[in-house]
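Single-structure report; data block below.
Values quoted throughout were computed directly from the atomic coordinates according to the rules given, and no laboratory measurement underlies them. Model, not experiment: these values are computed from the prediction. Because the Cβ atoms are built from the backbone with ideal geometry, glycine has one as well, and the counts that use them run over all protein chains shown.
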Amino acid sequence: LKAFFAHTAVRVSAVSQVPAAMLALATKAADASVSLPELEAKLATDANSVFDGVLDLNVAMADLGGRWGNLMKLRSRILVMHGVPADQAKPPNGDFQAAQQFWPAMMAWPGGPGADAFGPDGDSKSKLQQEVSKRSKRSLLKGELVYTAVPDETGQWFYASVHGATPGLLEQQYWSAEPMGGKKAAEQAAARAALQAEFWQALSVAGAGTKRKALGAPGGGGAGNDPKTRLNKGAQLLLGRPITKGEVLYTTETVESPSGAIYTSVVSIPAHDPSASWQGQPAESAKQAEFNASEVAWAALEQTLAVLEEERKAKRAGKEKEAHAKKKARKEAAALGVSAAGTNVSAFMS
């Protein structure tokens, strides 16, 4: 036995002395089986998974910690493949608690995953569910508020919309104003846009002490109030239905100048009028150019939209009046039924 263990110890010692260079070569050989672009694409997907987990309060901390650990390992692997020394590519430690220092920066990243998804009022989706339930005077069934998330042109960012599956739950479909780094973050942004439009008084910070802007009021640039979002709302009035992504179509051209790139955007709504388009003033960014085109289109359609808005309000008031009349009739019928039953019992007893 002593001889056996001594022989084993020698073999282990020999293995432990394998040059680090050989281990590095083995790692590179393993990485060669998967291309760098494939790993970088997986890194983006896994990062979105972490962000989605942070935003989804139903995800267990252990699950979230596992996602973070796998993400850091993958990131280290990619850094090594890019030539970063292994000791520099290695995460500080494997403790998930160390990741908590990154959350504030991640959530505050302008335009990044989760940015303005919750806003000052916390979980916008839950808040919207509560407010719609209160207005409807009943609990909503699962799926009555329908969220749809779609990727942008890059496939790395997402827009989302929300609309009511049951007529009357929401006045229209609402879109997130900006692309978000995860589907759940985009859904939160869409819910917040709906809250700002229909339940502004329930927002403890953004809506407190302020009046709701008219449909055509100039926006302050916030989610749900920028020129593009207002034009989307107008398009839904024009078409009489929720719009899908791309039905308000922007075409932006870039011209290089000595002072830098200049952008000009043209917007159209082909489903409404295939022959109509509106060009905005040139701008120093593509986003501002689209905003400018939206403002021009809104100005051209404003009178038509005002008429459609009044018709929509009148139609909604008529539906509410009809629903109230039906409810009153049911109460009266129930009261007559109780009275008739009482009369029959009295006659029987006599």
Using the basic label-point model (7 angstrom from Cα toward the beta carbon), what is the Glu332 to Val146 distance in nanometres? 3.7
Whole-Å distance, taken between Cα centres, linking the stretch 257-274 and the stretch 281-333: 25
Per 0.36 nm of contour for each residue apart, how much would the distance between Lys73 and Ser275 grow if the chain were fully extended, relative to their Cα-Cα spacing? 67.4 nm
Filter the trypsin sites (Lys or Arg not before Pro) in the stretch 123-158 down to the DSSP loop ones having no more than 15 other Cβ atoms within 10 Å, then list what survives. Lys137, Arg138, Lys142
Pop the C-beta distance of Lys137 and Asp56 into the FRET formula with R0 = 25 Å and round what comes out to the nearest 0.05. 0.30
For the stretch 219-314, which trypsin sites (Lys or Arg not before Pro) are in a loop by DSSP, counting at most 16 other Cβ atoms within 10 Å? Lys245
